[in-house]
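Asker: Here it is: the structure, laid out below.
Readers should treat all values here as calculations from the given coordinates under stated rules, not as data from a laboratory. Treat the numbers as computed from the prediction; the structure is a model and nothing was measured. Here the Cβ positions follow ideal geometry from the backbone for every residue, glycine too, while neighbour counts run over all protein chains shown.
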Amino acid sequence: MRRPLFRLLIVSLFAASAAVAEEPADDIRDLKLRDWQPRSMLVTKTTRVNTPLYPAIDIHNHLGGGAQRLTSERVQAYLQAMDDAGVALVVNLDGGWGERLQETLAALDQAHPGRFLTFALLDFDGIGSEGWTERETQRLRESFKAGARGLKIHKSLGLGVRDADGQLVPVDDARLDPIWELCGEFRRPVMIHISDPAAFFTPLDRFNERWHELNEHPNWLFFGEQFRSREELHAQRNRAIARHPNTTFLCAHFGNNPEDLETVGRWLDEYPNMHIDIDARISELGRQPYTARRFFLKYQDRILFGTDTTPRVEAFRSYYRFLETDDEYWDPVDSHHRQGFWMIYGIFLPEEVLEKVYRTNALRILSAGAPDVAGD
């Protein structure tokens, strides 16, 4: 009696195993979060803004530097995208110094006057060693005389740059004071990128709202004792700004604090020489459209247009849609890259505010030490 029952049990187990084996490998229940691409069922208005209401000045872009990179064909492709998207002028932050800067100026600023402006860079190698400050101050002076229209500081300052003793160099390090003073003397703005999005300074766990982005770029995570806190980095930057009131600081990525506009507003109130740009941050601004719109209206003289994206027509148009329309719940991925799973909303700025953000704020700053800047 037991043997038939045993055979029945074996047959049942084999049948169950076969059923499991035949189950599709792409079972939707096993979908990974990184592969989830939901399509909204919401029916909303879509406004296509091909060109901005006013010819735009992109204050924050990376076109590369040197003759090998900036070939005639590549530069013509930049210009075509700019023309198609209604961009009058692009600021290239990749100028460097010395021969590289000369080649960059020749390929962009000099070959196409009025369409490109180039910023210089510092060489942080050897900072803290004898003569570094004097060397870099003199080199930057030569860069400005050669035609560089500003200075770019990367986020490595505060996060990665170490001095000759192996210590992290703070943003407000006194050894940099002559650099900031020189920029004020030449009336050249400092485009300064300090810290990064708030989520990059939190654990990479199930609560991190930019989990997928940090998994693709693990070197963008700055959580841990080996890094200074985001709050401290901002404080260091702000102390440097306060010490040099005659120097204009353009704080990239909305001061790298678009998640907290109230605090950014307090900074702008406290530091008259501080400005911000919107580059690569409409994904943050557009998910808080009421607060963002009020902020733009209040600080309309301190906000500049920028993309941080090599000239691409659809990227520019995403920014125009955000600034000019009241479109709801749309994907800003074309503006830069996927930065979050959320959608954004347009803030439909008034014409007079758009003109300042797109154009006149940048012209005022860029022409301060170079009256030939027209942006036309």
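Asker: Quick check: the angle from helix 230-243's long axis to the longest principal axis of the chain, C-alpha only, nearest 10 degrees?
Answerer: 10
Asker: In the chain, if the dipole is taken from +1 on Lys/Arg beta carbons and -1 on Asp/Glu beta carbons about the Cα centre, which of Cys183, Thr44, Ser367 is farthest to the positive end?
Answerer: Thr44
Asker: Then there is this: Cβ under 12 Å from Ala198's Cβ, Ala198 left aside: what net charge do those residues give with Lys, Arg +1 and Asp, Glu -1?
Answerer: Working: positive: Arg210, Arg230, Arg281; negative: Asp196, Glu209, Glu231, Glu259, Asp260, Glu284.
So the environment of Ala198 carries a net charge of -3.
Asker: Quick one: order Trp180, Trp36, Trp342 by neighbouring beta-carbon count within 10 Å, fewest to most.
Answerer: Details: Trp180 21, Trp36 9, Trp342 13.
Lowest to highest Cβ neighbour count: Trp36, Trp342, Trp180.
Asker: How much space per residue, in cubic angstrom, does the convex hull of the C-alpha atoms of region 32-144 take up? Kindly include the intermediate steps, with their values, before the conclusion.
Answerer: Working: hull volume 22.6 nm³, N = 113.
With only Cα atoms used, region 32-144 gives 200 Å³ per residue.
Asker: On to the next question. Under 14 Å from the Cβ of Ala146, count the other residues' Cβ atoms, weight Lys and Arg +1, Asp and Glu -1, and hand me the total. Mind showing how you got there, number by number?
Answerer: On the way: positive: Arg100, Arg139, Arg141, Lys145, Arg149, Arg188; negative: Glu99, Glu103, Asp109, Glu142.
Around Ala146, the surrounding residues sum to +2.
Asker: Further, regarding this structure: Order these peptides, 114-122, 165-173, by their mean beta-carbon neighbour count within 10 angstrom, highest first.
Answerer: Numbers: 114-122: 23.2, 165-173: 16.0.
Answer by packing, highest mean first, reads 114-122, 165-173.
Asker: Assuming R0 = 25 Å, can you tell me the calculated FRET efficiency for the pair Ala235 and Asn215, based on Cβ-Cβ distance, to the nearest 0.05?
Answerer: 0.25
Asker: Can I ask one more? Could you work out how far the C-alpha centroid of region 176-248 sits from that of region 274-302, in angstrom?
Answerer: Answer, in whole Å: 18.
Asker: Given Cα pairs under 8 Å that are at least 6 residues apart, what percent is the relative contact order of the chain? Present the calculation step by step, with values, prior to reporting the outcome.
Answerer: Numbers: 666 pairs, mean separation 67.6, N = 376.
RCO, the chain: 18 percent.
Asker: Can you pull the one-decimal nm distance between simple spin-label points at Leu53 and Asn246, each 7 Å off the Cα toward Cβ?
Answerer: Each label point lies 7 Å from its Cα, and together they span 3.8 nm.
Asker: Assuming R0 = 22 Å, can you tell me the calculated FRET efficiency for the pair Ala198 and Asp165, based on Cβ-Cβ distance, to the nearest 0.05? Show your work: numbers first, answer last.
Answerer: On the way: r = 31 Å, r/R0 = 1.39.
According to the calculation, E is roughly 0.10.
Asker: Quick one: net charge around Arg312, please, counting Lys, Arg +1 and Asp, Glu -1 for every other residue with C-beta under 12 Å from its C-beta.
Answerer: Numbers: positive: Arg317; negative: Asp58, Asp84, Asp308, Glu314, Asp334.
In short, -4.
Asker: Loop only per DSSP, at most 14 neighbouring Cβ atoms within 10 Å: give me the GluC sites (Glu not before Pro) in region 211-268, ordered by residue number. Don't jump to the answer; show the numbers that get you there.
Answerer: Details: sites: Glu213, Glu216, Glu225, Glu231, Glu232, Glu259, Glu262; in loops: Glu225, Glu259.
Hits after loop and neighbour filter: Glu225.
Asker: Let me ask something else about it. Find how much the distance from Gln37 to Phe341 grows on full extension, using 0.36 nm per residue of separation minus their present alpha carbon separation; answer in nm with one decimal. Present the calculation step by step, with values, prior to reporting the outcome.
Answerer: Working: separation 304, 0.36 × 304 = 109.44 nm, distance 0.87 nm.
Using 0.36 nm per residue and subtracting the Cα-Cα distance, I get 108.6 nm.
Asker: Let me ask something additional. Residue separation times 0.36 nm, minus the C-alpha to C-alpha distance between Gln68 and Ser367: what's the value?
Answerer: Details: separation 299, 0.36 × 299 = 107.64 nm, distance 2.92 nm.
Length gained between Gln68 and Ser367: 104.7 nm.
Asker: What spacing in nm lies between the two simple spin-label points modelled at Phe207 and Ala174, each 7 Å away from Cα in the Cβ direction?
Answerer: Here the modelled spin labels are 4.0 nm apart.
Asker: What shape does region 85-208 have by the C-alpha gyration tensor, where a ≥ b ≥ c are the square roots of the eigenvalues, rounded means a/c under 1.5, and otherwise prolate means a/b greater than b/c and oblate the rest? Walk me through the intermediate numbers first.
Answerer: On the way: a/c = 2.36, a/b = 1.22, b/c = 1.93.
Cα axes put region 85-208 in the oblate bin.
Asker: For Lys152, which aspartates and glutamates qualify as cross-link partners when the Cα separation must be under 14 Å and same-chain residues fewer than eight apart are set aside?
Answerer: Cross-link targets: Asp94, Asp123, Glu136, Asp277, Asp308.
Asker: Any chance you could give the angle, 0 to 90 degrees and rounded to 10, that helix 289-298 forms with the longest Cα principal axis of the chain?
Answerer: Relative to the chain, helix 289-298 is tipped by roughly 10 degrees.
Asker: Here's a follow-up. First measure r as the distance between the Cβ atoms of Asp326 and Glu225, then evaluate 1/(1 + (r/R0)^6) with R0 = 35 Å and state the FRET efficiency to the nearest 0.05.
Answerer: Details: r = 45 Å, r/R0 = 1.29.
It comes out at approximately 0.20.
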